[in-house]
Amino acid sequence: MMEMEMPKQYFTKAPTNYAEYLGTPDEERWEIINGVPYNMTPAPSRQHQKITGNLHLAFGNYLHKKTCDVYISPFDVRLFTNGKNDNEIKDVVQPDLTIVCDPSKLDDRGCNGAPDLVVEVLSPSTFKRDKVEKLYLYRKAKVKEYWIIDLDREAIEIFRFDDDPDKFPDIQIYTLKDNDKVQVGIFDDLTIDLQDVFA
């Protein structure tokens, strides 16, 4: 009699803090926002990976031999960590791209504190989280610049945050159909052509 393979059990408990997060199996991907866990285990689409890779290449070429570093997911970003132990850290995210210009925030676990620029590529399962929850989270954490890439519209929404957490930032929208080029806010001399991003 042939034995049937049992479905894989991905997790026994969803992590609600960073200590629990560290105990999850390597094949699982999680994010935690304000203590609420989100399972990120399903692999992103091919188009998602292509766009992320194109942007990573553009930033990586520019940052070669500079002090800032760019990281592609999976890369852990821990927020609001000052004076907290791992059990008390309730916000851990894996942006699609992360740029960090302060080397003191980097350790073997990823980024400890707010990155300078974060990029999220929308997918049906993360749409609301990226457009609402993470927008609020990154603004509160004092990330300088947040990019949301919409694959369907072939567009990038850019939020540049100032020091006033109560002031909602202006939204700048760049589209492929308009042949737009993005002037990167944190780098005065870097412009990215959307033709290269959505190639």
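The values are calculated or read from the model by the stated rules, or taken from the named source; none is laboratory data. Remember, it's a predicted structure, so these values are computed and weren't measured experimentally. Note: ideal-geometry Cβ built from the backbone for every residue, glycine included; neighbour counts use all protein chains shown.
For the range 123-167, the set of residues classified as hydrophobic (A, V, I, L, M, F, W, C), in contact (Cβ under 8 Å) with a residue 12 or more places away in the chain and out of contact with any strand residue (DSSP E or B) (no Cβ under 8 Å at 6 or more places or on another chain) consists of ALA141 only.
Filtering the range 40-77 to residues that are touching a Phe, Trp or Tyr at 6+ places or on another chain (Cβ under 8 Å), part of a helix (DSSP H, G or I) and either over 18 Å from ASP189 (Cβ atoms) or free of Cβ contacts under 8 Å to residues at least 40 places away in the same chain (or both) leaves ILE51, ASN54.
The set of residues from the range 106-122 being over 12 Å from VAL77 (Cβ atoms) and more than 13 Å from the chain's Cα centre (by Cα) comprises just one member, ASP108.
Pick from the range 16-39 the residues that are without any contact (Cβ under 8 Å) to a residue 60 or more places away in the chain and part of a loop (DSSP other than H, G, I, E, B): which of them is surrounded by the fewest Cβ atoms within 10 Å (Cβ to Cβ)? This residue is ASP26. Contact map, the range 78-101: first residue closer than 28 Å to LEU55 by Cα and aromatic (Phe, Trp, Tyr), second residue part of a loop (DSSP other than H, G, I, E, B) and modelled with pLDDT of 95 or more, Cβ cut-off under 7 Å, separation 6 or more or different chains; pairs are PHE80/ASP91. Picking from residues in the range 105-159 that are outside any helix (DSSP H, G or I) and touching a Pro at 6+ places or on another chain (Cβ under 7 Å), the one that is surrounded by the fewest Cβ atoms within 10 Å (Cβ to Cβ) is SER123.
Would you confirm whether or not the range 162-171 contains a residue that is surrounded by 13 or more Cβ atoms within 10 Å (Cβ to Cβ) and more than 14 Å from VAL121 (Cα to Cα)? Write out each step before concluding.
Taking the range 162-171 first, the residues surrounded by 13 or more Cβ atoms within 10 Å (Cβ to Cβ) are 169.
Keeping just the survivors that are more than 14 Å from VAL121 (Cα to Cα) gives 169.
Within the range 162-171, one or more residues are surrounded by 13 or more Cβ atoms within 10 Å (Cβ to Cβ) and more than 14 Å from VAL121 (Cα to Cα).
Residues that are at positive phi, of a type in the set (Gly, Ala, Ser), assigned to a loop (DSSP other than H, G, I, E, B) and surrounded by 13 or more Cβ atoms within 10 Å (Cβ to Cβ): does the range 180-188 have at least one? Within the range 180-188, not a single residue is at positive phi, of a type in the set (Gly, Ala, Ser), assigned to a loop (DSSP other than H, G, I, E, B) and surrounded by 13 or more Cβ atoms within 10 Å (Cβ to Cβ).
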